[in-house]
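Below is one structure, written out as structure tokens; the observations come after it.
The values are calculated or read from the model by the stated rules, or taken from the named source; none is laboratory data. For clarity, every value in this text was computed on a predicted model and none was experimentally measured. With ideal geometry, Cβ positions are generated from the backbone for all residues, glycine too; neighbour counts draw on all protein chains shown. What goes into the accessible areas is simple: the full protein's heavy atoms, side chains included, and nothing from ligands, DNA or RNA. Shrake-Rupley method; radii C 1.70, N 1.55, O 1.52, S 1.80 Å.
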Amino acid sequence: MRELSPSSEQPPAAGQPGGSAIVTMTPGPQWRCRLLPAAGVVGQPLSAWQRQQALALLAQLRPAGIALTQYTSQPCGELFHSGASADGQVHAYALLRRDRSVEMVATLPTGCWPPHAHAWWPGVYELPLLQQITPLLLPLADALALPAPCSLQMTLLALQGSALIAKHQQGSERVYPLPPDIDRLELPPVRFDGFSAASRSALIHALDQVRTCAGASSATAFYL
């Protein structure tokens with residue numbers, strides 16, 4: 001992949017339903033992935049052992065490949081996040097909410113690929129996600145006893161003015177700007193009660209939507 005020179009913009013804050021910020025994220029487009037229990041189904045309270053197992057797995061998550069080294073207990077849930085900069089910004093976090101849903105968020109690294117000042121590569125979140133499903137996310141869903149069928153729901157945020165990097169039909173990488181009116185992209189939810197061939201295909205289809213939105217030559221990345 002071509003090396004990019006750093007870019008910057010004002011950082012968005014990662015918030016919670018009441019509107020207050022959990023953490024302040026570093027600048028750039030964000031990837032958010034939520035592991036949600038089946039709608040309208042209430043599970044049993046977690047045992048101390050289940051909670052301990054869940055927190056141990058949560059600490060190992062790597063949103064967009066970023067290690068989570070700090071832990072705090074918040075009113076909204078249990079929070080692990082990457083180390084904060086001097087001004088209190090973080091690159092990634094994972095949150096176990098009180099309703100047992102899990103949220104992972106990471107700021108994607110961007111750089112200048114002329115004429116685009118904010119270019120980013122979807123592989124930074126797609127590959128770590130695929131690598132962590134079997135060893136971490138499936139056991140985490142089990143430890144939390146999430147009512148089935150649970151789902152993965154992904155959103156790309158703060159996209160305005162950015163362009164993604166994808167492989168061209170001729171084999172080389174190039175940038176594809178996102179439509180100027182797109183700032184947020186909701187990817188299709190993926191049923192998550194195992195990781196069969198069908199669920200993998202559904203996940204890849206969901207991930208493909210960002211390349212489709214940008215008009216990339218090939219919707220499916222070679223590494224998927």
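State the Kirkwood hydrodynamic radius of the stretch 86-160 in Å, one decimal place, computed from all pairs of distinct Cα atoms.
14.8
Accessible surface of I182, taken over heavy atoms with a 1.4 Å probe and every protein chain present, rounds to 40 Å². The mean of 1/r over all pairs of different alpha-carbon atoms in the chain, once inverted, gives a Kirkwood hydrodynamic radius of 18.1 Å. Sorted into 10 angstrom bins from 0, the C-alpha pair distances of the stretch 145-224 split as 18, 42, 29, 11, 1 percent. With a cut-off of 20 Å on the backbone N, the residues of the stretch 125-144 near the modelled label site 7 Å out from A38 along Cα-Cβ are 138-144. Let me make sure I get this right: for the stretch 19-94, a, b and c are the square roots of the gyration tensor eigenvalues over alpha carbons, sorted descending. Under 1.5 in a/c it's rounded, otherwise prolate if a/b > b/c, else oblate. Which is it? Prolate shape, in that a/c is at least 1.5 and a/b is the bigger ratio. A DSSP coil position with no more than 13 other Cβ atoms inside 10 Å describes the following trypsin sites (Lys or Arg not before Pro) in the stretch 151-200: R184.
Taking trypsin sites (Lys or Arg not before Pro) across the stretch 50-142, the ones in a DSSP loop with at most 11 further Cβ atoms lying within 10 angstrom of their Cβ are R98.
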